[in-house]
1. So residue 102 clears everything in (1) buried (at least 22 other Cβ atoms within 10 Å of the Cβ); (2) in contact with a Phe, Trp or Tyr (Cβ under 9 Å, 6 or more places away or on another chain) except one condition, right? Which one?
2. Anything in region 210-262 that is of a type in the set (Gly, Ala, Ser), farther than 27 Å from residue 76 by Cβ and more than 20 Å from the chain's Cα centre (by Cα)? List them, or say none.
3. Name the residue, out of 54, 62, that is at pLDDT 50 or above and exposed (fewer than 12 other Cβ atoms within 10 Å of the Cβ).
4. Restricting attention to region 77-101, report how many residues are more than 23 Å from residue 177 (Cα to Cα), assigned to a helix (DSSP H, G or I) and touching a residue at least 60 places away in the same chain (Cβ under 8 Å).
5. Just for region 112-159: of the residues that are in contact (Cβ under 8 Å) with a residue 60 or more places away in the chain and of a type in the set (D, E, K, R), which one is nearest to residue 211 (Cα to Cα)?
Amino acid sequence: MHRFITSSARLAAMLIGLGLSSPSAQTNAPVVAAASDLQFAIEEIAAAFRAETGMDVRLSLGSTGNFARQIREGAPFEIFMAADETFIEDLHRDGFTRDAGDLYAIGRLVMTVAHGSPLAVDGRLDTLAAALSEGRIRRFAIANPDHAPYGMRAKEALRHKGLWERLQPHLVLGENVSQAAQFALSGNAEGGIIAYSLALAPNVAPRGAFELIPEEWHEPLRQRMALLNNAGPVAEAFYEYMNAPSARAIMERYGFALPEGE
């Protein structure tokens with residue numbers, strides 16, 4: 001049976017533990033809805049944008065699927081940075097974005113374990129398979145595959161390895177991949193599958209070990225962004241800034257592959 005964390009207070013505390021900042025106090029700044037795998041990278045990019053241009057954006061981080069639903073319900077975001085381009089494509093088809101947007105990154109999955117975990121880190125998941133067979137797994141964390149792209153891809157990787165059905169009784173589902181990382185690295189689980197970009201973050205990396213999962217085990221994490229119909233000049237400027245050398249350097253530092261000519 002999957003375990004869900006439903007308390008908003010507990011969720012907030014866990015995200016603060018991972019370093020998630022609250023939106024800027026500049027309430028007239030445009031709101032960027034960003035997939036939670038971008039958490040640390042996008043905070044650095046927003047700070048660099050502010051330093052270079054004097055303009056500010058507010059960041060709202062969460063699961064791509066939840067943001068897509070909120071946009072359909074009228075949420076006042078001006079930019080949507082999704083972890084799976086199909087959500088942008090669907091919104092564009094239904095008239096919620098200015099255009100089909102741009103591919104801005106390709107993400108990767110890692111297996112991660114906290115220091116001291118009885119589970120050894122192994123990107124090919126052989127140690128996870130052995131631990132399952134030996135009854136040594138109590139909980140294993142991934143993002144919720146119902147609405148979080150990194151959870152969807154984790155499910156595909158586990159299916160590829162033949163572990164999905166066996167792991168079902170032990171899954172702890174984060175509301176997004178940032179919460180899954182918190183579960184995996186805080187002692188709430190023996191390990192988990194999370195975003196490479198989170199595993200590389202300076203205040204996350206010291207908490208455990210990680211190894212990349214073969215990218216051919218799942219559909220690619222093609223991450224696309226788009227301007228919403230109500231986007232103003234500052235949102236447009238930040239959207240363009242994502243292609244600036246300083247922004248691209250930050251994305252590369254967090255393990256994202258950057259598209260060329262798409």
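The values are calculated or read from the model by the stated rules, or taken from the named source; none is laboratory data. Bear in mind the structure is a predicted one, so any value in this text is a computation, not a measurement. A quick note on method: Cβ atoms are made from the backbone with ideal geometry, for glycine too, and the neighbour counts reach across all protein chains shown.
1. (1)
2. Residues satisfying the conditions are 246, 261.
3. On the way: 62 fails: exposed (fewer than 12 other Cβ atoms within 10 Å of the Cβ).
Result: 54 is the single residue among 54, 62 that is at pLDDT 50 or above and exposed (fewer than 12 other Cβ atoms within 10 Å of the Cβ).
4. 1
5. For region 112-159, the residue satisfying everything is 122.
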